[in-house]
Amino acid sequence: MQLGIRLHDVKKAPIEERVAIAREQGFACAHVALSKLISEYATDDGALTPGFACYLKRVFQKNDMVMAVLGCYLNLANPNEEALKKIQNRYYAHLRFASLCGAGVVGTETGAVNEAYRYEDANHTKEALDTFLRNLEPVVRHAESMGVILAIEPVFKHIVWNPARARSVLDSVSSSNLQIIFDPVNLLDLSNYENREEIFAEAMDVLGPDIAMIHLKDFIIKDGKMESVAAGTGMMNYENILKFIKARKPFVHVTLENTTPENAVQSRKFIQEIWERC
């Protein structure tokens, strides 16, 4: 595996410095969310020019780093038609940009049936899934035209909330340019976290061939809520996941999430130690 980090979790600094810091901390790749990462430059659709893409590509190459994910985590089930059109255009801009900057995938979650992008029971209905599929379709076709992989990330609170639902999306859209970001913790909720090993096993079995990259974080239960934390600081057991990676996903990009500048190296070493034992 190629172990990386979300770049916006690195110490706040200009983009060039953040990439250098990540490399110094021992990471090989990074998750890039432009709006969360860059404040010194415009990052709207019109700013995502070929020149900007080539600039970012050079920054990563200079530091012997790879852009594992270009994140575009916007709601493709937004019920506001005007907002939805802008969201789809944002995806098109990111896919074009990714084709030029060398990103491994454009990554996204799977939305909610409201403008606030919040959980409600209706997210898990067939109607919500149909809406998501309808709005996803043109984005996937644009990914095909750009030669870029769009990777969806199943999340319990969103529309694509479990492995079976994710499998149904892949089968319905039927495109080799639509794949999966596997984030084990995002499949969990207070209602199912005690069955997490079974859920992870199902995800690796059902989605395994289409997993393009992996996010790793941990979780704790605090004040009756699930809280995401850095790998190695919570309740997760990563052994089976890392065995899956070692057996079936050589050189896959694996980015750590919810780290801080203070614990990122410790979290990386924790995962690497388990990796070496597997």
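Quick notes
- Pick from region 259-277, criterion touching a Phe, Trp or Tyr at 6+ places or on another chain (Cβ under 9 Å) and of a type outside the set (A, V, I, L, M), ranking: farthest from Asp210 (Cα to Cα): Phe270
- Verdict on Tyr91 being in contact (Cβ under 8 Å) with a residue 12 or more places away in the chain and out of contact with any Cys (no Cβ under 9 Å at 6 or more places or on another chain): no
- Residue that is nearest to Tyr92 (Cα to Cα) [pool: residues in region 17-73 that are assigned to a helix (DSSP H, G or I) and of a type in the set (Val, Ile, Thr)]: Val59
- Answer residue from region 238-268, given it is in a helix (DSSP H, G or I), among the charged types (D, E, K, R) and touching a residue at least 60 places away in the same chain (Cβ under 8 Å) and is nearest to Ile21 (Cα to Cα) among those: Arg268
- Annotation: of all residues in region 261-278 being surrounded by 14 or more Cβ atoms within 10 Å (Cβ to Cβ), in contact with a helix residue (DSSP H, G or I) (Cβ under 9 Å, 6 or more places away or on another chain) and at pLDDT 95 or above, the one that is nearest to Val66 (Cα to Cα) is Ala264.
- Any chance Leu170 is closer than 26 Å to Gly111 by Cβ and either in a helix (DSSP H, G or I) or of a type in the set (S, T, N, Q) (or both): yes
- Cross-chain or 6+ apart pairs with Cβ under 7 Å, region 18-39 first and under 14 Å from Val66 (Cβ atoms) and modelled with pLDDT of 95 or more, then polar (S, T, N, Q) and in a loop (DSSP other than H, G, I, E, B): Val19/Asn63; Arg23/Asn63
- Residue in region 80-90 that is closer than 27 Å to Arg58 by Cβ and outside any strand (DSSP E or B) present: yes
The values are calculated or read from the model by the stated rules, or taken from the named source; none is laboratory data. Remember, predicted model here, so these are calculated numbers, not experimental data. Counting neighbours? That spans all protein chains shown, and the Cβs are built from the backbone with ideal geometry, glycine included.
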